[in-house]
Amino acid sequence: MIFNHFQISQRILSLLSKGLLTFAVCLLLPMCSLDEHPKDQIEVEIAYNSVEYLYRNTVATLYYYVGGNTDGQGLQGTCRGIYDLQTFGSDEALIPKRGTDWYDGGIWRQLYCHSWSGGHEIVGNSWMYLYKVIALCNRSLETIEQNKDILTRIQYQRYTSEVKAFRAIYYWYLLDLFGNVPIVTATNISINDVAQSSRSVVFDFVRSEIENAVPYLPNRNSVEKGEYYGRVTQAVAFFVLAKLYLNAEIYADDDWTDHKHLNGSDLHFTISGKDMNAWEACAFYCDIIGQMNYHLSEDYADNFIVYNENSVENIWTIPMDKDLYSNQQQYLFRSYHYRHAAAFGFGGENGTCASLKAMEVNHYGKADQDTRFGRNYWSGEATGLNNSIVTDRQGNNLIYYPLEVSIDLSNSPYMETAGARMKKYEVDRFATNDGKLMDNDIVLFRYADVLLMLAEAKVRNGEDGQSYFDLVRTRAKMNMLPATLENILNERMIEFAWEGWRRNDMIRFDIYKSTYEGADAVDESDHHTIVFPIPNDVLSLNTNLHQNPGY
């Protein structure tokens, strides 16, 4: 059964969206149901009358939502959603106020200062998106169940397992971002039955769902074009499991404001019949991935080039094809100066830039500046196609000044040019829609992360993680450093610049707080900001739920 699961009937997507968007707000409304019958839906007997159609319209269609083309949609690629919480809520990057540009009601300043509230637009967008996709999964599982007579036993197990693993990944994002959240596994549910689960319960749910699904997931490469392109395969599941156990101290903690920190060495799990602590469990799943024919690309940049489907390092990506898919990559567009983007024939918004902390960790401007800096950031003189000179709006050579960045540049002579800009993905010269429809697949998981997770888990468990750490440093042609936790954290900031991991890393290393030091700085001494608040709209209409502590 070979088909491209992204090339799906728009009528089928319409059918799914009408009911599932309703479910996305089931935590807001007194009663929710997906038993709707929109007039334009295709007949059920057509959508589910064969094994192939059943798979396409219950499993394959889910992958349409991993990326997106509108605000708040997709795991990455779009703006005002999950990626922005993970990136601009960290010390990695920011969107400064540039004169009259980028104030936007203060939402970017609030991310930088950690002064967000339950009414923050991006917080609400992320919650709604995640539960919308979970609703899709629940609807798919019910439909598979209703039509299982046409499936063999193994087909039924494979289809339901893939959906459950996919759904569990979305619960992992909820677990990471919001902590205590409802676990909803059915579509027709009364608000009175929606209960908020503690963070540790959600953690147990996510890892058990994925572990139970793994035997039935395809042991195939997910980044190569073909039947398994973009899908949740065994390697994708193992990667998520490694992340879950690496962060087990955080995810198993039901009260993160009590100044008591769990110890991963004391958290024990039974995996493959063996007792393991959190660090051993993380290493166990990393080792499995290490036996699955993934390697570091010879060149770091190869993972982010146009047509990067042949990467030997990438594990899960959002497929991009300007001629086939609607997924967008908006981050270069949002970061480039207007004139710099125009030099490539695109549009630019002159917003996003790297933080001073990122410059410090990269040793910017020093003799030992990291070799990956020039791959990840535009700094100094900007160039266009064929290294052509780019001029600013005054006709001078356009120069980016990485060390002149601050949260408000309104009165700065560097208002338009402060901050190093995103360069991670190779410019697709034939991209369309102002450069947002490009052919570089968006990288979600890659093997370098597996190696650094292994190094960290070994060190935290009192073992030697040096060899794994050295592999990443060697590929970058950087001098060897001891594999201490501090060095591993800094390495992660450099290696995974712009990839959406920094907030997660900061929380695990217990350094998560805003770098803002103004008189109105938020008191984060109780660590309440390591999760975001439950959106106000959710709380106001669902009295079963309570706000996270500290908000």
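The values are calculated or read from the model by the stated rules, or taken from the named source; none is laboratory data. All values derive from a computational prediction rather than experimental measurement. Virtual Cβ from ideal backbone geometry, glycine too; neighbours counted across all protein chains shown. Heads up: the accessible areas ignore ligands, DNA and RNA and are worked out on the full protein's heavy atoms, side chains in. Shrake-Rupley method; radii C 1.70, N 1.55, O 1.52, S 1.80 Å.
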Separation between Cα centres of the range 57-91 and the range 392-454, rounded to whole Å: 19
Protein accessible area in the range 204-252, 1.4 Å probe - carbon and sulfur %: 36
Whole-angstrom gap from the range 106-173 to the range 218-285, using each part's C-alpha centre: 18
Which listed pairs, of K243/K458; K260/K513; K164/K225; K132/K164; K97/K513; K357/K513, have C-alpha distances above 19 Å, in listed order: K164/K225; K97/K513
Amide proton proximity set for N314, modelled H, under 5 Å, gap of 5+: Y447
Helix 10-24 axis, angle to the chain major axis (alpha carbon atoms, nearest 10°): 90
Peptides ranked, highest mean first, by Cβ atoms within 10 Å: ranges 361-370, 523-532: 523-532, 361-370
Solvent-accessible heavy-atom area per residue, rounded to whole Å², over the chain at 1.4 Å: 38
For the range 298-406, diffusion coefficient by Stokes-Einstein and Kirkwood Rh (Cα), 10 °C, 1.306 mPa s, µm²/s: 100
Rg/Rh (Cα only; Kirkwood hydrodynamic radius) as it applies to the range 473-551: 1.13
Those GluC sites (Glu not before Pro) in the range 463-504 that DSSP places in a loop and that have at most 15 other beta carbons within 10 Å: E463
Mean ellipticity per residue at 222 nm, deg cm²/dmol - from DSSP H runs of n ≥ 4 across the chain, formula -39500 (n - 2.57): -11000 deg cm²/dmol
Apportionment of accessible area to carbon and sulfur, the range 53-200, percent (1.4 Å): 44
Local electrostatic count, R80, Cβ distance below 10 Å [Lys/Arg +1, Asp/Glu -1]: -4
Hz values of 3J(HN,Hα) by residue in the range 315-325 - Karplus curve (6.51, -1.76, 1.60), Gly and Pro given as x: 10, 9, 9, 9, x, 10, 7, 5, 9, 10, 10
Protein accessible area in the range 393-507, 1.4 Å probe - carbon and sulfur %: 49
Helix 278-290 axis, angle to the chain major axis (alpha carbon atoms, nearest 10°): 90
Sequence-separation-based contact order of the chain, relative, with Cα cut under 8 Å and 6+ spacing, percent: 20
